[in-house]
Structure formats: C-alpha cells, structure tokens
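Below: the structure, in structure tokens.
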Amino acid sequence: MKRPITYYAGTGRGMPDRIVRNEEFAAMGLETSDEWIVSRTGIKERRIAAPGETTASMSALAAKAAMKRAGVSVEEIDAIVLSTVTSDRLLPATATDLQALLGASRAAAFDISAACSGFIYGSVIAEGLIATGVAETVLVVSAEKMSAILDWTDRATCVLFGDGAGAAIVRRTKRADHGILSTFIRSDGRLADLLYRPTGGATIPFSEEVLNDRSHFVKMAGREVFKHAVRSMSDAADYVLKDAQLTHGDIDVLIPHQANMRIIEATAKHAKISMDKVYVNVDRFGNTSSATIPIALDEAIESGRIKEGMTVMLVAFGAGFTWGAMIVRF
C-alpha cells in the first residue's frame, strides 16, 4: 500500500503543576540523593499529578492544545487513539472518557497499550486509518499517570518516572515535500518480565495478598532494559533512515524517548547524530512513558527548535518490549 501523505497538523501537552525534585526523595525515607539520581539518569525533577488529576483530564488538556494549534474543531475528529499504561479504569477505555470530555461525539475512540513506544504506534495507526479512508482527521494522545503504578519505596523505579500527556492531530496533506516519511515498529514479548507489573490483571487479580506484597507496582531489571533499549532504538533508527533514503546528516532534530540521559546519549552516538541535534527534557520531566515524545515534540515546536522544512526523527523503546521510530518532515 502506498504511504499516504500525512503530517502532524498541531501538537499539545498537558502537564501537572506539582513538581517533585530529587531532594524530596530523601525526605520520603529513600536512601538516595540528588547526586545519585542525576549521575545515573540525568533527571532533576518530574511532574506528579495532584489528587483529582487523571489520565483523561491530562489527555484533554493536551488534546485541546493540539486542536487549537491545528485549527481543528471537535466535530472534525474522526478517531481518537489514546496510548496509555495507566488507564483510569480497567473498563471502559480511557479514550472514551476523553471523547466525552471533548464532546467528540462522531469520533471512534480506543486505547492502545505499547508502553513508551505508544506515541509512535498510535501515529502508525492514525496513518493507517487515513490510508484506508476510515478517517481524515485523527487525534493521537499519549497520557500517563505513572505515579499511580509506582512503588514509592523502590528507588530503582520511583525516581525515574513522571506524569503528563502529549497529543497531536494527524491529517492528510497534499504537499509531497513534508509529512511522515518512514515508520518502523517492532516488539518482543519474550522479554516482558524485564519491565512489567506482575499482578493486578485478569490472571492474578487484586487481592489482599497482592496489595501486601506490592507486586502490582512496576518492576524493572534496569541493566537489562538499558542494554535492549539502546540496541533496539539504534536498529529502529537505522531502519527508518534507510527506508526514507536519508542519512544521519539529513536529520535536523532527534527526539528520543526520554528514559534517561545514558540511553539518549548512546542512541544518538549509534545514529551518528550529535547531541546538539538531540532534544532533551528528561531532566525536567523524567520518564513519562509514552507521553515523553509528544511532550518533547510540542516543546521543540513551540520553542522554535523545530521549524518548517526540518526533518525530525522520533525513536522509542518500552515495556513489552516494544520499540519503533519515525521520520517526519515538518
């Protein structure tokens, strides 16, 4: 199937106001420090949702900003694709709650779960909906309330993550010189146990035992995840460059998943893209899972880092394992 000419017509983000800085973890009783966290991750602070802030409410903030910048009315949205691993309820999809908040009554709405790669997966789905004629205007949202699924006594995970949402409007364009040029998505479920929530699902539902042993929170084998993340993101970057018939020198801005600085630096090095071309905000927001790329993309556009005519690479890796990359010309 020939690739449709689709592009991000507008982007937006929805961030909680509450900032948690590294120094606060020691006050929580964790054996850690600002120096320990920064030296290993590059993270200095992250946003944490306040009581009453939900995945859906953060999604709505991001979606409304993206719609405004795209000049799209709610009546024009044909589909809502929402990526999250922190759905507000197990049933129904958070996308339908977002649909209700927006008043997007004519849109199909559904969730996807691809962890940190979710925005790229969602964008690929949006492109497919447009290519098949099912939709002309798709709202892609990635929103995560990671603070709700973290063990705040586990310094190996709780210092890494933050909350937030990012969104984009994907539309068809008649211009042949810009839009989504190349995409790549992959997964490997054999490695799922390296980054997962062991219980709390349909196999082992919530119970007093589950709550007591805290096995419903995120568990991660950090070193193994790091190794696979760098390798997979590097391979994905190689693929989309080759597929788009471009070289690393053609990339104006690289927006990688904001997991930690070591992974970002290693991925950029492999892709032969200098760090001055890499957009980084992990120091301010931490790892917001699938929301990291759209949040960074929105910031980069708003700040003027990404300008019309620039070629941008997006690349991500997440639980599943899932990974992927895209090249977009703005």
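The values are calculated or read from the model by the stated rules, or taken from the named source; none is laboratory data. Model, not experiment: these values are computed from the prediction. In this analysis, Cβ positions are derived from the backbone assuming ideal geometry, glycine residues included, and neighbour counts consider all displayed protein chains.
Filter the range 281-330 for residues that are free of Cβ contacts under 8 Å to residues at least 24 places away in the same chain and in contact with an Asp or Glu (Cβ under 9 Å, 6 or more places away or on another chain) and give the result.
Passing the criteria: Asn281, Lys307.
Results for (1) more than 19 Å from Asp163 (Cβ to Cβ); (2) outside the structural domain of Val280 (by TED's automatic domain parsing); (3) among the charged types (D, E, K, R), shown as yes or no for each residue.
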residue	(1), (2), (3)
Arg21	no, yes, yes
Val72	yes, yes, no
Ala79	yes, yes, no
Thr86	no, yes, no
Leu91	yes, yes, no
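Listed residues Leu241, Leu211, Leu191, Leu195; which is aliphatic (A, V, I, L, M), in the same structural domain as Gly320 (by TED's automatic domain parsing) and closer than 25 Å to Arg305 by Cβ?
Answer to the selection: Leu241.
Here are Leu194, Leu139: which of them is surrounded by 15 or more Cβ atoms within 10 Å (Cβ to Cβ), closer than 30 Å to Glu35 by Cα and touching a residue at least 12 places away in the same chain (Cβ under 8 Å)? Give the steps one after another, and end with the answer.
Working: Leu139 fails: closer than 30 Å to Glu35 by Cα.
Testing whether each residue is surrounded by 15 or more Cβ atoms within 10 Å (Cβ to Cβ), closer than 30 Å to Glu35 by Cα and touching a residue at least 12 places away in the same chain (Cβ under 8 Å) leaves just Leu194.
Of all residues in the range 145-163, count the ones that are in contact with a Gly (Cβ under 7 Å, 6 or more places away or on another chain) and either of a type in the set (Phe, Trp, Tyr) or crowded, with 17+ Cβ neighbours inside 10 Å (or both).
Looking only at that region, the number is 4.
From Leu241, Leu246, Leu254, which residue is in contact (Cβ under 8 Å) with a residue 12 or more places away in the chain, in a helix (DSSP H, G or I) and not hydroxyl-bearing (Ser, Thr, Tyr)?
Leu241
For the structure I just gave you, tell me whether Val74 is among the aliphatic types (A, V, I, L, M) and surrounded by 17 or more Cβ atoms within 10 Å (Cβ to Cβ).
no
Can you give me the ranges of the helices (runs of 4 or more DSSP H) entirely in the range 98-213 with at least 2 residues that are more than 19 Å from Leu314 (Cα to Cα) and acidic (Asp, Glu)?
Those helices (runs of 4 or more DSSP H) span 208-213.
Would you point out which residue out of Ser59, Ser39 is touching a residue at least 24 places away in the same chain (Cβ under 8 Å), within 30 Å of Phe226 (Cβ to Cβ) and assigned to a helix (DSSP H, G or I)? Talk me through it step by step, then tell me what you get.
On the way: Ser39 fails: touching a residue at least 24 places away in the same chain (Cβ under 8 Å).
Exactly one residue qualifies, and that residue is Ser59.
Looking at (1) among the hydroxyl-bearing types (Ser, Thr, Tyr); (2) crowded, with 20+ Cβ neighbours inside 10 Å; (3) within 30 Å of Asp213 (Cα to Cα), find the lone condition where Thr183 falls short.
Going through the list (1) among the hydroxyl-bearing types (Ser, Thr, Tyr); (2) crowded, with 20+ Cβ neighbours inside 10 Å; (3) within 30 Å of Asp213 (Cα to Cα), Thr183 breaks only (3).
Of all residues being assigned to a loop (DSSP other than H, G, I, E, B) and of a type outside the set (A, V, I, L, M, F, W, C) in the range 214-237, which is nearest to Ile255 (Cα to Cα)? Just the residue, please.
Out of the qualifying residues, it is His216.
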